[in-house]
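Here it is, the structure in full.
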Amino acid sequence: MSLARQPLALELVRFIEDKIIIRELAPGTRLVEEELSEHYGISRTPLREVLRLLEASSLVVRLPRRSVRVAPMTLANLDQVFACRVPLEALAAAAVAALPAQHRNTVVIDLVQQVERMAERARLGDMEGGFRANAMLTDILHRECANPILTGLLAQLNKPALRYRHWAYMQQTRMLPMAVENNRQMVDAIRSGDGRRAESVTRALVRTAWKLTRREFAARPPVD
């Protein structure tokens, strides 16, 4: 696929990010500048910026002799990512619940739309579509939390977290129905403006996802 008509490095960053998140580019895959440049029709200078941005989001690692590889997925890294997600996602939900009512109601409409998309995908057995809707839901929470520092911290966690979240959705059929029910509770708390409940429900939601993901990951981790 040529991206020659999309000259901005950010376009290619998003494209490769997605391939890493869904493991079309598997953990440990070597990313060779010459091959990427030819494959995507992009010169070496913007390509190096692409790799720098991917490294900044913890999706690739730079090894000795300038070798770049897709970052490994490990149990230790999973725990580190989710240990940070639990309090930060809870804070984001509480912050959205504290928004002025008119703005909060608009955000709730968007959140409900994603939860219903998740529910529809669950009925159809479409784990990929359910994952995409869930990722969009968390994007809305991060964007609308009205706390730029919190948004920045969540942005640092989001890409590596999505790798584990996608893996869990593909491995565990019960992950999506569970997420639908738990996110409905979270959105209900946000709708009512109950920040304490939104924080508590979200904290429990992320902890439950962590526990289930960790159990499956320990049994059959992705191959690096």
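Take the stretch 65-93 and flag every residue that is surrounded by 16 or more Cβ atoms within 10 Å (Cβ to Cβ), closer than 30 Å to ALA146 by Cα and among the small types (Gly, Ala, Ser).
Answer for the stretch 65-93, where residues must be surrounded by 16 or more Cβ atoms within 10 Å (Cβ to Cβ), closer than 30 Å to ALA146 by Cα and among the small types (Gly, Ala, Ser): ALA90, ALA92, ALA93.
So that you can scan it fast, the table gives a plain yes or no per residue for (1) of a type in the set (A, V, I, L, M); (2) within 21 Å of ALA122 (Cα to Cα); (3) outside the structural domain of ALA133 (by TED's automatic domain parsing); (4) without any contact (Cβ under 8 Å) to a residue 12 or more places away in the chain:
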{"residue": "MET170", "(1), (2), (3), (4)": "yes, yes, no, no"}
{"residue": "THR173", "(1), (2), (3), (4)": "no, yes, no, no"}
{"residue": "LEU176", "(1), (2), (3), (4)": "yes, yes, no, no"}
{"residue": "ASN182", "(1), (2), (3), (4)": "no, yes, no, no"}
{"residue": "ALA189", "(1), (2), (3), (4)": "yes, no, no, no"}
{"residue": "GLY195", "(1), (2), (3), (4)": "no, no, no, no"}
{"residue": "ALA198", "(1), (2), (3), (4)": "yes, no, no, no"}
{"residue": "THR208", "(1), (2), (3), (4)": "no, yes, no, no"}
{"residue": "THR213", "(1), (2), (3), (4)": "no, yes, no, no"}
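Consider THR106 against the criteria (1) more than 15 Å from the chain's Cα centre (by Cα); (2) crowded, with 19+ Cβ neighbours inside 10 Å: it satisfies all of them except one. Which criterion is unmet?
(2)
So, one more: Are there any helices (runs of 4 or more DSSP H) wholly within the stretch 119-221 with 3 or more residues that are within 23 Å of LEU59 (Cβ to Cβ), and if so which?
Qualifying helices (runs of 4 or more DSSP H): 127-144, 148-171, 195-219.
Can we say LEU124 is assigned by TED's automatic domain parsing to the domain that holds LEU205, free of Cβ contacts under 8 Å to residues at least 12 places away in the same chain and either more than 21 Å from TRP210 (Cα to Cα) or surrounded by 15 or more Cβ atoms within 10 Å (Cβ to Cβ) (or both)?
Yes; evaluated as a whole, the condition is true for this residue.
Residues to consider are ALA76, ALA26, ALA56, ALA9; find the one that is more than 21 Å from PHE217 (Cβ to Cβ) and more than 16 Å from the chain's Cα centre (by Cα).
Result: ALA9 is the single residue among ALA76, ALA26, ALA56, ALA9 that is more than 21 Å from PHE217 (Cβ to Cβ) and more than 16 Å from the chain's Cα centre (by Cα).
So GLY41 ticks every box in (1) surrounded by 13 or more Cβ atoms within 10 Å (Cβ to Cβ); (2) more than 21 Å from ARG163 (Cβ to Cβ); (3) touching a helix residue (DSSP H, G or I) at 6+ places or on another chain (Cβ under 7 Å) but one. Which box is left unticked?
In the conditions (1) surrounded by 13 or more Cβ atoms within 10 Å (Cβ to Cβ); (2) more than 21 Å from ARG163 (Cβ to Cβ); (3) touching a helix residue (DSSP H, G or I) at 6+ places or on another chain (Cβ under 7 Å), GLY41 misses (3) alone.
The values are calculated or read from the model by the stated rules, or taken from the named source; none is laboratory data. Remember, it's a predicted structure, so these values are computed and weren't measured experimentally. We place every Cβ from the backbone using ideal geometry, glycine too, and count neighbours over all the protein chains shown.
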